[in-house]
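Notes follow the structure.
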Amino acid sequence: MGTEVFTIRPEPSLEMRRALRSRPFVVIALCAAWCNTCDDFRIGFERLALERDDSTFIWMDIEDDADFIGDVEIENFPTLAIFLRGRLLHFGVSLPQASLVGRLLQSLDDDSRSVDGEADVTSLLGRLTSVDAAATNEYAIDVSDGE
């Protein structure tokens, strides 16, 4: 059984960090709070997240999360970035139908060809995992004796 759809605000949760480490697929939806299509799509996206135990689903708002997203080019909504074991396999606008996204995920595997994505898209996953590393270090226990 899958999990909830994660967000990065106010900060990435411990559950998201664990999922990023343990699941081969990462599915990032880039949307906007003002987009009615995104609102409708999110319901199905959340349902799909609960069905897929091999995937981490992350919802990002292009305005609220702009500092984190960087200069990723968004042409329309919803835009999806799908990674498998760190490789970008899909980036682009998707029809707002969870069943189509589910079929797309089923069609992708380790033999799938990586897509040529702009550097900002491919580094998006790196930024997520570096947040993961930083958060892990944040909880480290200081065992020094203060000297």
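The values are calculated or read from the model by the stated rules, or taken from the named source; none is laboratory data. Computed from a predicted model, the values in this text were never measured in an experiment. Glycine gets a Cβ as well: all are built from the backbone with ideal geometry, and neighbour counts include every protein chain shown.
Being farther than 18 Å from Leu100 by Cβ and either among the small types (Gly, Ala, Ser) or surrounded by fewer than 19 Cβ atoms within 10 Å (Cβ to Cβ) (or both) is the filter here, so list the residues in the range 55-78 that pass it.
Of everything in the range 55-78, those that are farther than 18 Å from Leu100 by Cβ and either among the small types (Gly, Ala, Ser) or surrounded by fewer than 19 Cβ atoms within 10 Å (Cβ to Cβ) (or both) turn out to be Ile62, Glu63, Asp64, Asp65, Ala66, Asp67, Phe68, Gly70, Asp71, Glu73, Ile74.
Based on what the data block shows, is Ser114 touching a strand residue (DSSP E or B) at 6+ places or on another chain (Cβ under 6 Å), over 30 Å from Asp39 (Cβ atoms) and at pLDDT 85 or above?
Answer is yes for this residue.
Give me the pairs: first residue in the range 79-97 and surrounded by 19 or more Cβ atoms within 10 Å (Cβ to Cβ), second residue of a type in the set (S, T, N, Q) and in a strand (DSSP E or B), beta-carbon distance under 9 Å, and six or more apart or on different chains, which are they?
Listed pairs, sorted by first residue: Ile82/Ser55; Phe91/Thr79; Ser94/Thr79.
Within the range 47-93, which residues are assigned to a loop (DSSP other than H, G, I, E, B), charged (D, E, K, R) and under 18 Å from Ser22 (Cβ atoms)?
Initially, the range 47-93 is screened for residues assigned to a loop (DSSP other than H, G, I, E, B), giving 52-54, 62-65, 70-78, 85-86.
Remaining after also requiring charged (D, E, K, R): 52-54, 63-65, 71, 73, 75, 85.
Matches in the range 47-93: Arg52, Asp53, Asp54, Arg85.
In the range 82-111, what count of residues is obtained for those that are among the charged types (D, E, K, R) and in contact with a strand residue (DSSP E or B) (Cβ under 8 Å, 6 or more places away or on another chain)?
Of the residues in that region, 2 qualify.
So, Glu51, is that one in contact (Cβ under 8 Å) with a residue 40 or more places away in the chain and more than 20 Å from Leu125 (Cβ to Cβ) or not?
yes
Looking only at residues in the range 13-30 that are more than 9 Å from the chain's Cα centre (by Cα) and small (Gly, Ala, Ser), which one is modelled with the lowest pLDDT?
Looking at the filtered set, the residue picked out is Ser13.
Please go through the range 109-126 and pick out each residue that is out of contact with any Leu (no Cβ under 7 Å at 6 or more places or on another chain) and not in a loop (DSSP other than H, G, I, E, B).
Ala119, Asp120, Ser123, Leu124, Leu125, Gly126
Output the residue which, of all residues in the range 1-46 that are assigned to a strand (DSSP E or B) and in contact with a Lys or Arg (Cβ under 9 Å, 6 or more places away or on another chain), is farthest from Asp109 (Cα to Cα).
Checked the range 1-46; the qualifying residue farthest from Asp109 (Cα to Cα) is Cys31.
Say whether the condition of being at pLDDT below 95, under 18 Å from Pro12 (Cα atoms) and in contact with a helix residue (DSSP H, G or I) (Cβ under 8 Å, 6 or more places away or on another chain) is met by at least one residue in the range 70-78.
So far as the range 70-78 goes, yes, one or more of its residues are at pLDDT below 95, under 18 Å from Pro12 (Cα atoms) and in contact with a helix residue (DSSP H, G or I) (Cβ under 8 Å, 6 or more places away or on another chain).
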